[in-house]
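Worksheet: one structure, shown below.
The values are calculated or read from the model by the stated rules, or taken from the named source; none is laboratory data. Since the structure is predicted, the reported quantities are computational estimates derived from the model, not experimental observations. Virtual Cβ from ideal backbone geometry, glycine too; neighbours counted across all protein chains shown. With ligands, DNA and RNA removed, areas are computed over all heavy atoms of the protein, side chains included. Shrake-Rupley method; radii C 1.70, N 1.55, O 1.52, S 1.80 Å.
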Amino acid sequence: MADSNFVDYVKIYCRSGKGGRGSMHLRHVKYNPNGGPDGGDGGKGGSVYLRGNHNYWTLLHLKYQRHVYAEHGGNGGRDKCHGTDGKDVYIDVPCGTVVYDAETGKYVCDVMYDGQTVLLLKGGRGGLGNFQFRTATNQAPRYAQPGEPMQEMTVILELKLLADVGLVGFPNAGKSTLLSSLSSAKPKIANYPFTTMEPSLGIVSYRDSQSFVMADIPGIIEGASEGKGLGLRFLRHIERNSLLLFMVPGDTDDIKREYEILLNELQHFNPEMLDKHRVLAVTKCDLLDEELIEMLRETLPTDLPVVFISAVTGQGLDDLKDVLWKELNAESNKLQEITAEDTLVHRDKDMKRFAAELEAEDADADDVEEVGIDELDEVEDLDDFEYTDG
């Protein structure tokens with residue numbers, strides 16, 4: 001995964017701009033030696049924004065841009081000159097990116113739509129010049145305001161892919177083969193476990209030029225919630241899916257038990273995922289005859305639709321698409337999507353789990369240098385601020 005182009009989380013340091021200080025200046029020109037105060041205001045510091053961009057599908061472009069700085073506001077000048085405003089910085093991220101505070105693990109924001117803009121760090125306001133403090137009884141004020149200090153934060157950007165159907169199954173269950181058969185996606189396929197090391201998306205065509213998006217994630221095994229195999233890291237990519245398609249090979253000794261194991265692992269990861277609509281697909285049915293298929297039907301769960309398929313021969317694929325389309329457009333599923341969108345609650349980040357994921361990726365959990373304000377730029381102490389002319 002270290003050399004993969006699919007990057008689904010990064011840790012970056014962001015800092016907004018500080019406001020420029022106001023000018024304390026008294027006008028002294030020929031024939032007007034007592035011109036009064038004319039110190040201008042300081043400029044506003046730049047802010048840091050997150051912006052959804054559908055042209056990105058991973059966080060690869062941020063992998064090597066670990067520090068994001070907005071410009072500071074310019075200082076005010078004589079003749080009531082206003083300081084320049086610092087430029088805002090926009091961080092383009094793929095839709096479905098969730099942001100957490102890297103130090104506390106607290107949820108910060110979520111970028112869901114293309115063009116959606118979220119304020120991450122606000123730039124400091126500029127200080128007022130002494131011209132703003134003139135009064136009838138204080139016609140020559142010799143003080144001005146400093147600018148507001150900048151804000152800084154180290155954040156974790158975590159991508160959760162947006163798809164309609166998510167594939168869940170053990171390694172070598174035929175998930176990648178099914179995705180390649182139903183769509184134009186070309187995931188890696190081989191006859192050994194954990195062939196899929198990164199999620200893949202495919203667009204499945206349906207009748208009347210309709211389509212839906214299917215997501216394939218690496219296989220999970222029993223005990224994945226305890227860190228076995230690839231753990232549960234990739235399960236976040238199906239948290240937003242409307243429908244979960246469980247895939248169990250037809251040559252498995254106990255199909256129902258493997259399905260229950262997968263359900264149990266999902267429950268350990270996020271109990272709310274069990275509220276999603278589910279479909280069970282029994283794969284590799286080209287190895288089974290009709291008599292055996294009928295015998296297996298009697299032992300399968302009865303609380304969800306079951307489809308027997310073979311991605312190699314195409315057996316049952318049309319029936320599977322019909323079932324998936326029916327479940328996706330069910331009234332209960334649409335109502336659930338609307339409710340989930342309005343009441344979506346993000347859990348705070350488990351920093352211990354995140355550190356373990358980084359260690360498993362052979363990455364350093366502290367790979368981003370913690371840069372303090374003092375190291376970046378001096379910020380004037382508001383109590384001991386010294387003003388200079390101009």
Whichever residue in the range 161-182 is small (Gly, Ala, Ser) and farther than 19 Å from residue 264 by Cα and, among such residues, is nearest to the chain's Cα centre (by Cα) | 163
For residue 23, the lone unmet condition from (1) without any contact (Cβ under 8 Å) to a residue 40 or more places away in the chain; (2) in a loop (DSSP other than H, G, I, E, B); (3) of a type outside the set (Asp, Glu) is (1)
List pairs: first in the range 293-316 and assigned by the TED database to the domain that holds residue 184 and closer than 18 Å to residue 172 by Cα, second in a loop (DSSP other than H, G, I, E, B) and open to solvent by 40 Å² or more (accessible area, probe 1.4 Å), Cβ under 7 Å, 6+ apart or cross-chain?
-> 310/284
Is there a residue being open to solvent by 60 Å² or more (accessible area, probe 1.4 Å), over 30 Å from the mean Cα position of the chain (by Cα) and acidic (Asp, Glu) anywhere in the range 79-87?
-> yes
Return yes when residue 130 is assigned by the TED database to the domain that holds residue 27, polar (S, T, N, Q) and farther than 23 Å from residue 61 by Cα and no when it is not.
-> yes
Counted residues in the range 160-169 being surrounded by fewer than 23 Cβ atoms within 10 Å (Cβ to Cβ) and not charged (D, E, K, R) come to 1
Any chance residue 289 is at pLDDT below 85, of a type outside the set (Gly, Ala, Ser) and more than 26 Å from residue 242 (Cβ to Cβ) | yes
Counting only residues in the range 1-19 that are of a type in the set (A, V, I, L, M) and either touching a strand residue (DSSP E or B) at 6+ places or on another chain (Cβ under 7 Å) or within 24 Å of residue 68 (Cα to Cα) (or both), the one modelled with the lowest pLDDT is identified as 2
Condition met for residue 22 (open to solvent by less than 20 Å² (accessible area, probe 1.4 Å), over 25 Å from the mean Cα position of the chain (by Cα) and either modelled with pLDDT under 90 or closer than 28 Å to residue 133 by Cα (or both)) = yes
Name the pairs whose Cβ atoms lie under 7 Å apart, with the first residue in the range 135-149 and surrounded by 10 or more Cβ atoms within 10 Å (Cβ to Cβ), the second among the β-branched types (Val, Ile, Thr), and 6 or more positions between them or separate chains?
-> 149/379
